[in-house]
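Have a look at the structure below before the remarks.
Just so you know, all these numbers are worked out from the coordinates, no wet-lab data involved. Just so it is clear, the model here is predicted, and its values are computed rather than measured. Cβ placement follows ideal geometry from the backbone for every residue including glycine, while neighbour counts extend to all protein chains displayed.
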Amino acid sequence: MKKHFYDYLWIASALYLILGFFNILFAWLGLLCFMIPLLISIFGKSKAYCNRYCGRGQLFSLLGQTLHLSRNKPMPRFLKSRIFRYGFLAFFMTMFGLMIAQTVGVFLNADSLKTAVTLLWTFRVPWTFAYTETALPAWISQFAFGFYSIMLTSTILGIVLMVLYKPRAWCVCCPMGTMTQLVCKGHAHGKTEQN
Amino acid sequence: MAKRKAVVDKTHCVACGCCTSACKLQAITVFRGIYAQVSDRCVGCAKCASICPADAIRVESST
Ligand code: SF4
Ligand code: SF4
Ligand code: SF4
């Protein structure tokens, strides 16, 4: 099959995770992985992002399928249920909101900048090695640490799911995937099916 | 022998599109970002079913 430029977006995703170890400010680039899928679902009315352009999904396929790191077993029923998927989306958005609140706290000088990455919403890992003081306001760095925490956490969860279940098991509960599917469902609501 | 064809469970499909890349015949596509749809080209090889992370595809014999 012919390869397209977008078949290599997994390189960008891997690079993103690596850059975060050198300079946390690169974490801001991750906003693209939030905005692009949403914009495509809102204006393109499709999940073309998941279907074609998601580098993270490709990375999981590469590790799980091409490199055979996945057990390739079915996921437990509960993890595939709508309740879990929507619940996880709600949880994820709540944690995202808390991260924004923390950034605002630093912006208002109510909180001090914490040069740490929080993994799995629990473990605070000192990340000062990727931080250099700049002329930029502290909240910009705070957001970068917060955002990178989210990206690294979801990658870790995705890798665990990839190993235990199907290579792309993360895509079942991925908040971006769930959200864009919901947007598409909203668009299609009331339209007649093609089936 | 009865013809075999993939059938998608729409309530569990997450529209990730893994099945579309797995299918050599382009017999399965994601419809409007909501769920996957199988066309008549499907030969029931089950490649899509084995890759589907949501286990939303079954291969059934159709009459
Ligand atoms: S569900 Fe998430 S990880 Fe999977 S392809 Fe879509 S955005 Fe990427
Ligand atoms: S791989 Fe499974 S969940 Fe993903 S679009 Fe195809 S049928 Fe739906
Ligand atoms: S069963 Fe085979 S031919 Fe049919 S949609 Fe799946 S991969 Fe394609």
### Query
Out of residues 5 or more away from residue B:4 or on other chains, whose amide H comes under 5 Å of its own, with H placed 1.01 Å from N in the peptide plane?
B:62
### Message
Looking at chain A, identify the longest residue range that excludes and avoids all trypsin sites (Lys or Arg not before Pro) in DSSP loops having at most 14 other Cβ atoms within 10 Å.
### Response
A:72-190
### Summary
Measuring from its Cα centre, the stretch A:1-124 shows a charge dipole (+1 at each Lys and Arg Cβ, -1 at each Asp and Glu Cβ) which, in debye to the nearest 20, is 680
#### Entry: In degrees, nearest ten, helix A:9-19 long axis to first principal axis of chain A (Cα)
20
### Task
List, in the order given, every pair from A:2/B:47; A:80/B:5; A:45/A:166; A:80/A:114; A:47/A:114; A:45/B:5 whose Cα-Cα distance in the structure shown is over 31 Å.
A:80/A:114; A:47/A:114
### Task
Can you tell me the relative contact order of chain A? Whole percent, Cα pairs under 8 Å, sequence separation 6 or more.
33
### Query
Counting pairs of alpha carbon atoms under 8 Å apart in space and at least six apart in sequence, what relative contact order in percent does the stretch A:1-112 give?
22
### Task
Taking chain A as the reference, fit the longest principal axis to its C-alpha atoms, fit the long axis of helix A:82-107 to the helix C-alpha atoms, and give the angle between the two in degrees, 0 to 90, nearest 10.
20
### Task
Compute the Cα gyration tensor for the stretch A:1-59, then decide on rounded, prolate or oblate, letting a ≥ b ≥ c be the square roots of its eigenvalues: rounded whenever a/c is under 1.5, prolate when a/b is larger than b/c in the other cases, and oblate in all that remain.
oblate
## Note on the structure
Within the protein assembly as shown, the cysteines whose Cβ lies no closer than 4.7 Å to any other cysteine Cβ are A:33, A:50, A:54, A:173, A:174, A:184, B:13, B:18, B:23, B:42, B:45, B:52
### Query
From the square roots a ≥ b ≥ c of the eigenvalues of the alpha-carbon gyration tensor of the stretch A:90-195, which class results: rounded (a/c under 1.5), prolate (a/b over b/c), or oblate?
oblate
### Task
For the stretch B:7-42, run through the trypsin sites (Lys or Arg not before Pro) and keep only the ones in DSSP coil with at most 16 other Cβ atoms within 10 Å of their Cβ.
B:10, B:24, B:41
